[in-house]
1. Inside 10 Å of the C-beta atoms of A:308-319, what's the mean count of C-beta atoms belonging to other chains?
2. So what is the diffusion coefficient of segment A:75-116 in µm² per second by Stokes-Einstein at 37 °C and 0.692 mPa s, using a Kirkwood Rh over Cα pairs?
3. Rounded to the nearest 100 Å², what is the sum over both chains of accessible area buried where B meets A, with a probe of 1.4 Å?
4. So how exposed is B:CYS44, as accessible area in Å² (1.4 Å probe, rounded to 10)?
5. Quickly rank B:318-325, B:31-38 as a protection proxy: mean count of other C-beta atoms within 10 Å, highest first.
6. What is the angle, in °, between the Cα long axis of helix A:313-328 and the longest principal axis of the Cα atoms in chain A? Nearest 10 is fine, range 0 to 90.
7. Taking the alpha carbon gyration tensor of segment A:1-68, what are the square roots of 5 times its eigenvalues, largest first, to the nearest whole Å?
8. Label-point separation (nm) for A:GLU72 and B:TRP438, each offset 7 Å from Cα along Cα-to-Cβ?
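The values are calculated or read from the model by the stated rules, or taken from the named source; none is laboratory data. Because the structure is a prediction, the values reported are computed rather than measured. Methodologically, a virtual Cβ is constructed for each residue, glycine included, from the backbone with ideal geometry; neighbour enumeration extends over all protein chains shown. For the accessible areas, the whole protein counts, side chains as well, though only heavy atoms, and no ligand, DNA or RNA atoms are used. Shrake-Rupley method; radii C 1.70, N 1.55, O 1.52, S 1.80 Å.
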Amino acid sequence: MPRINEVIGHREIVQTLKNALQRNKVAHAYLFMGPSGVGKQVVARALAGALLCESPIEGDACGHCRSCRQNEGGNHPDLHIVGPVGTSLKIEQIRELQKQVQYKPYQGQRHVYIMEKVDTMTQEAANSFLKTLEEPSGQTVFILSTDQPYALLPTILSRCQQCQFRPLRNQEVVEGLMRYCQLDKDTAKKLAPLSGGSLGRGMLLAEGGAWPLREQALKVSQRLMQMDELEALRLAEELSEDRGQAAECLAILLLWFRDLLIYHYTEDRHLLMNQDKLEMLLDQAQRYRPGLLLAIIEETKQARERILANANTRMTLEALLLKIHSYGG
Amino acid sequence: MAYKALYRTWRPQKFQDIVGQQHITRTLQNALLQGKVAHAYLFCGPRGTGKTTTAKVLAKALNCLEPASGEPCNHCQNCLAVNEGNSVDVVEIDAASNRGIDEIRDLRERVKFTPSTGRRKVYIIDEVHMLTDQAFNALLKTLEEPPGHVVFVLATTEAHKVPVTILSRCQRFDFRRIKPAEMVERLREVAKGAAIEVNEEALWLIAKAAEGGLRDALSILDQGAAFAVDTVTAGDIHSILGTVQQDILQSMVKFLADGKTGEALQLVSKLADLGKDLRLFTREMTTFLRDLLVDSIEGRGTGEQISNDNLFYLLKLLVQAEQDMKWSSQPGLVLELALVKASRPELGGSLEALTQRVAELERQLASGTLPRSRAPEITMPAEPNPTPTPPSPSRTDPTEEKVPVTPVNKTIKEGISPEKTSLHVGGEDVSGVVRQGWPDLMGDIKNGKKPLWILLNETKPSLEAQGNIVTLFFEDDFDVRRADKPEYKKYLEWLLGKHFSGSWEVRCVHAKKPPLSTLKPEEDPVYTEAVRIFGKDLVILENDPSETGGVK
Ligand SMILES: [Zn+2]
Ligand SMILES: [Zn+2]
């Protein structure tokens, strides 16, 4: 479990939390909002660690006491983690929680609740939880997190101290990849821009899980302008086997064409995301006019949105590839 | 020590403390003094402008044991009960929640009882536009014959969603956005009272960022106080909000106007490296452009040689980008594209040409001449089954199993020739058919999936059906989130199949591009956004909302 001082990025939030801990002005509820994979959970755990530590140093967890060791092992009795069961966070879970907070904490001064994906709360659950937020009991601290704050009841939003997480900076992702994935600096630097500011995504890439798909997507990018209609249709079928993969593939293509467009106007390699494929990028850059790139990007973007919105994957891909084909042919 | 948000600790307790709404508070105080309080009020206005606060002060003033010049005393037992939130005579109902629905249901019974301690029973119904039809009916009946001891205060951010029958029975007050100067004054008071050191520049920055909502302003001040080392400075506020200094906005506008695409893209990348929130930056850009435009129209140009047309073109692109970024998983990309287009208006032309070719292609696809017939490995029945098998009656819960997908060839009842509906890009518009059957469908939904029914009944999305795809357009992005659940969509798809046969696909979208026929101009998000940046007075609706821009 990381300490607050070890959190990568999110300077403002870290500072705010440290101030609160040192000034003994901890809110009874925090809401961490922001895109996934940027570190909301890490900060939540670090904050929980600091709140439960028996001998905190300048507000932060000491890392050695019994509580800190329990946290490290993931078995602190006063730290409760609540997340969606199936697709939603349900009223039974909130009732259970409401029962728990009535009891004294086992060993420290307080209960700490980390509540993940609170946007999945059913309306019943949210209404019920609202009561708990209105009348906090004792020293209990709730740390809520969501990547869809718009989906929350405004009354819940306004009862929490809100912390807006933003995508990490490139150099922060580099730092994270070096620390958690033991990458060397050069590799990390090549990989980081592809993460879109999400260390979680970067780590996934580093573990290699996403590489085959990327290779496939980039192969598509190369064939895109030469393929005939039949090939386009065959490709669409091939890519459409898995909705998630298809969307991911289009996301990769988007970044690729984005790079081509950006390079056209800036001729600055540092602005490019696909740092590991510069040669291939620069080679392709000469083949496209900006108007065409813009059109391809728009179409790809829309197709991806449609697929994410549950449209028929194969038909969407077919339409996309045939359109792009018609641009070129 | 427990944290209590500033806006809750510093909620005004008297009319006198309510900021920026004197036109309302004075009228209410007069009514109180003259004993001419209405039976029902409708408070409309943007969030955080004091609607609920005013309602509570009114409730206190009505029941106060020692009122003075139309103000509540705030220390008698009735006032204290309201302040502590346990008055039996002041009932707050949040129409957005289940609790609200239940409470409205037996409202008619309950209003008959006379107040137990005070003189009046006050019902404050928040977000009243969220009520279901049933609840509206119950409310209407009560409003038609209100008992003498009851006062209703209905509050809403969206008055246009409240039925006219209700509107006509209420005295309406429009709360306005609070002006920055008024806001700064209040912020200064609160900061002083809460012992928060904050400098003047920071106060103005907060007031600007809050866009007329005091609650947002206080929430930013809260965050500022928690973040700052001692005095809250403008820099702290910029850090928290992720906003940028004025000169950066200036350079960006100049790059765009001068066609310096490369420089514009470089600048954005620098901002991202600094950890700035790009969506906020885009929002700031729209406000900044708006100010430039207004200055220029009113002849206060600062010597910059950017034409109004060009300013408007930039504004339009960035407003759209800001909207799109809200939902995009790649907001940076959305912004970059907008900047390319903004700085290269000439690219629009080539895009149009491409779009035309696409339209041609879609026609070919739709007529089946190209190129599917040459692709034997793609299964497509030459003759669609004229009477598709209806779902077996034993299948009760569609979410339990996969609905078989036959993407091509959709037959909807008789009379629609199947070969025209071969691919969804060229799918036949069957909106009429589906709309016609919709009430029946709703009947089934009501019995089968109550929460979905409540949602659809409440939001009344407009509907479009192309081929086998039914798209529901929700005005509110919040509602899209509520509706766009696999469970609901699967259910609707199954139900559509049951009613119209065949397999269907349902999409829920934010009404960015609703069918023109069903879109009232005032509901156009571009219009709403224009009102946000310009204020209602400056935005004029012409016959065709897409042409109000005057720029192509
Ligand atoms: Zn410790
Ligand atoms: Zn009183």
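1. Numbers: counts 1, 9, 9, 6, 9, 2, 4, 10, 2, 0, 9, 8.
The shielding value for this peptide is 6.
2. Details: Rh = 11.0 Å.
Diffusion coefficient, whole number: 298 µm²/s.
3. Details: alone 29470 and 17050 Å², together 40160 Å².
Summing both chains' loss of accessible area gives about 6400 Å².
4. Probe radius 1.4 Å; accessible area of B:CYS44 about 10 Å².
5. Going from most to least packed, we get B:318-325, B:31-38.
6. Computed tilt is about 40 degrees.
7. In descending order the semi-axes read 19, 14, 10 Å.
8. About 6.1 nm, to one decimal.
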